[in-house]
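First up is the structure itself, then whatever we jot down about it.
The values are calculated or read from the model by the stated rules, or taken from the named source; none is laboratory data. What you see is a predicted model, and the numbers here were worked out from it, not measured in a lab. In this analysis, Cβ positions are derived from the backbone assuming ideal geometry, glycine residues included, and neighbour counts consider all displayed protein chains. Only protein heavy atoms, including side chains, enter the accessible area calculation; ligands, DNA and RNA are left aside. Shrake-Rupley method; radii C 1.70, N 1.55, O 1.52, S 1.80 Å.
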Amino acid sequence: MSELLKEISENLQIGKAKIVAELVGRALSEGIPPQKILDDGLLAGMGIIGAKFKANEVFVPEVLVAARAMNKGTEILKPALAAEGISAKGKAVIGTVKGDLHDIGKNLVKMMMEGRGIEMVDLGVDVPPERFLEAAKEHGASIVCCSALLTTTMGEIKNVVELIKSSDIAGKVKVMIGGAPITRAYCDQIGADSYSPDAASAAEAAEALIS
Ligand code: B1M
């Protein structure tokens, strides 16, 4: 890996957004292919943060600043990627279910998935099942991601699964679920496609589902 790409990865990991943006610009002007800058610079750095987060070596604040640096770098890179016809690996919609306003975990999941090159459509919080379905159709997403933090709202995930399974996109869209009260047993019980206990595992699972 070139020294410059290594620098991008390292600065991303410590959340130096401005420097990451500058380095991405420099890499482009040096003629490094945009896909290589994305894979070996930005995504490589985010991958390391994801693994460290999973191993409890870094925590929420570090992930948030790394993700912000990733976004700054991606902003600079996007026009070059688009010009080369390079698109995201896949698309997912994400939201916190109806009645639930917790979004810190959902945002982390979104950022980790973006860190794996997946385009994320964020529906925010308090999202009714119909909105998940509508957005999946509108954006042609292959994954619907539901987060729930309350025992009183986790039942809404079941409503999302049922709605999607009875819709015309059944079988084409996978439902991924997570949040503090959610378990693998619950996932199996309601027939969701994938459960992940944390944001880094969710990003890995999403990548596997897409490929
Ligand atoms: Co709330 N709250 N809260 N709260 N709140 C909890 C969840 C609670 C456990 C606190 C407690 O009593 N000990 C409790 C729930 C009890 C229960 O149902 N079992 C609770 C309650 C009761 C409430 C209110 C009802 C309180 C009240 O008003 N009486 C109320 C409900 C409001 C509503 O949603 N309608 C409420 C409100 C709030 C605040 C608004 C004040 C605030 C939310 C701010 C925000 O999100 N913007 C808040 C907070 C901050 C918490 C705690 C303290 C922290 C939650 C959090 O962000 N954790 C929480 C107690 C706790 O967990 N210690 C609590 C950090 C975050 C990174 O973790 O969200 O679990 P988490 O996400 C993880 C994984 O779960 C996973 O990945 C993430 C990162 O690795 N994950 C997924 C999450 N989504 C995923 C999706 C996936 C895969 C993995 O696939 C799609």
Restricting to region 96-125, count the residues that are on the phi > 0 side of the Ramachandran plot and either assigned to a helix (DSSP H, G or I) or crowded, with 17+ Cβ neighbours inside 10 Å (or both). 1
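Just name the residue that is nearest to the ligand (Cβ to nearest atom) out of those in region 192-209 that are within 12 Å of Ile143 (Cα to Cα) and open to solvent by less than 20 Å² (accessible area, probe 1.4 Å).
Ranking the qualifying residues of region 192-209, first place goes to Ala202.
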Residues of region 177-191 that turn out to be more than 9 Å from the ligand (Cβ to nearest atom) and among the hydrophobic types (A, V, I, L, M, F, W, C), as a count: 3
Could you tell me which residue of region 53-111 is nearest to Asp39 (Cα to Cα), considering only residues that are touching a His at 6+ places or on another chain (Cβ under 7 Å) and not basic (Lys, Arg)? Val93
By residue number, the members of region 160-206 that are aliphatic (A, V, I, L, M) and assigned to a loop (DSSP other than H, G, I, E, B) are Ile169, Ala170, Val173, Ala180, Ile182, Ala192
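Consider Ala44 carefully, then state whether it is in a helix (DSSP H, G or I), buried (at least 17 other Cβ atoms within 10 Å of the Cβ) and modelled with pLDDT of 95 or more.
Details: in a helix (DSSP H, G or I): yes; buried (at least 17 other Cβ atoms within 10 Å of the Cβ): yes; modelled with pLDDT of 95 or more: no.
No.
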Tabulated pairs, region 182-197, first touching a residue at least 24 places away in the same chain (Cβ under 8 Å), second more than 11 Å from the ligand (Cβ to nearest atom) and open to solvent by less than 40 Å² (accessible area, probe 1.4 Å), C-beta under 7 angstrom, 6+ apart or interchain: Ile190/Val161; Gly191/Val161; Ala192/Val161
Just one of the numbered conditions (1) polar (S, T, N, Q); (2) within 19 Å of the chain's Cα centre (by Cα); (3) at pLDDT 95 or above is not true of Ser87; which one? (3)
